[in-house]
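Here is the structure we will look at, set down as structure tokens.
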Amino acid sequence: MATCKTCGTTLGRGNKSGFCRKHFNAAEYDPTWRERHARAVRRHYADPANLEAAKERARVNGKSPGATAARRAAALRIRLWEIGHRVLEGDEAARARAGRHRSQTVLAGIPEEQWDTYRLLVKRKHMSAAEARATCLREHETRLARIRRELMEAQS
Ligand SMILES: [Zn+2]
């Protein structure tokens, strides 16, 4: 039985690369594989017939009794009616808490007094998130430098 060329893990019968999933993903098999695979997938779905066929398969599979039963079981298992956006409707305080938490996640690392600037840059000026983040941090540094200078001058 075939084993991974790196770690010696036993491989499945259909394995063609000679690597386990971990070492295949570490690009030891072929660093260009990911790019070639992405290109092949794009080429496949560039054909409207392939795209339509995939959509139709998804529609049919989504309505199959098995899929419906699985969705229902998952909803019951995780008690879907007790979590998520729907529960927050009509509870303004909870909505505010959720919004604040989301901002803290998305804007982590950016000082709070720069949040409005960040939103302006991304939403109105159509700057990329990375650019806006860098701009906000730069502005924050400039502001801190000015405050430090003013403090030094006040002391002397
Ligand atoms: Zn391995």
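Residue count for the stretch 90-112, restricted to those that are surrounded by 10 or more Cβ atoms within 10 Å (Cβ to Cβ) and touching a helix residue (DSSP H, G or I) at 6+ places or on another chain (Cβ under 8 Å): 7. I'd like to know if the stretch 68-75 contains one or more residues that are surrounded by 11 or more Cβ atoms within 10 Å (Cβ to Cβ) and among the β-branched types (Val, Ile, Thr). There is at least one residue in the stretch 68-75 that is surrounded by 11 or more Cβ atoms within 10 Å (Cβ to Cβ) and among the β-branched types (Val, Ile, Thr). Would you confirm whether any residue within the stretch 51-64 is within 16 Å of the ligand (Cβ to nearest atom), among the charged types (D, E, K, R), out of contact with any Ser or Thr (no Cβ under 8 Å at 6 or more places or on another chain) and not assigned by TED's automatic domain parsing to the domain that holds residue 134? Scanning the stretch 51-64 turns up no residue that is within 16 Å of the ligand (Cβ to nearest atom), among the charged types (D, E, K, R), out of contact with any Ser or Thr (no Cβ under 8 Å at 6 or more places or on another chain) and not assigned by TED's automatic domain parsing to the domain that holds residue 134. Taking first residues from the stretch 102-114 that are within 19 Å of residue 144 (Cα to Cα) and free of Cβ contacts under 8 Å to residues at least 60 places away in the same chain and partners that are among the hydrophobic types (A, V, I, L, M, F, W, C) and crowded, with 16+ Cβ neighbours inside 10 Å, the Cβ contacts under 8 Å between residues at least 6 apart in sequence or on separate chains come to 110/136; 111/136; 114/136. Restrict the check to the stretch 29-40 and report whether at least one residue is at pLDDT 95 or above, part of a helix (DSSP H, G or I) and either in the same structural domain as residue 18 (by TED's automatic domain parsing) or farther than 30 Å from residue 8 by Cβ (or both). Within the stretch 29-40, one or more residues are at pLDDT 95 or above, part of a helix (DSSP H, G or I) and either in the same structural domain as residue 18 (by TED's automatic domain parsing) or farther than 30 Å from residue 8 by Cβ (or both). Pairs, please: C-beta under 7 Å, at least 6 apart or cross-chain, first residue hydrophobic (A, V, I, L, M, F, W, C) and in the stretch 1-17, second near the ligand (Cβ under 9 Å from one of its atoms) and outside any loop (DSSP other than H, G, I, E, B)? Correct list of pairs: 4/23; 7/23; 11/3.
When the residues of the stretch 86-133 are filtered to those that are in a loop (DSSP other than H, G, I, E, B) and charged (D, E, K, R), the one that is modelled with the highest pLDDT is 125. Residue count for the stretch 1-28 satisfying the condition of being within 9 Å of the ligand (Cβ to nearest atom), part of a loop (DSSP other than H, G, I, E, B) and among the charged types (D, E, K, R): 2.
The values are calculated or read from the model by the stated rules, or taken from the named source; none is laboratory data. All values derive from a computational prediction rather than experimental measurement. Every residue, glycine among them, receives a Cβ derived from its backbone with ideal geometry; neighbour counts consider all protein chains shown.
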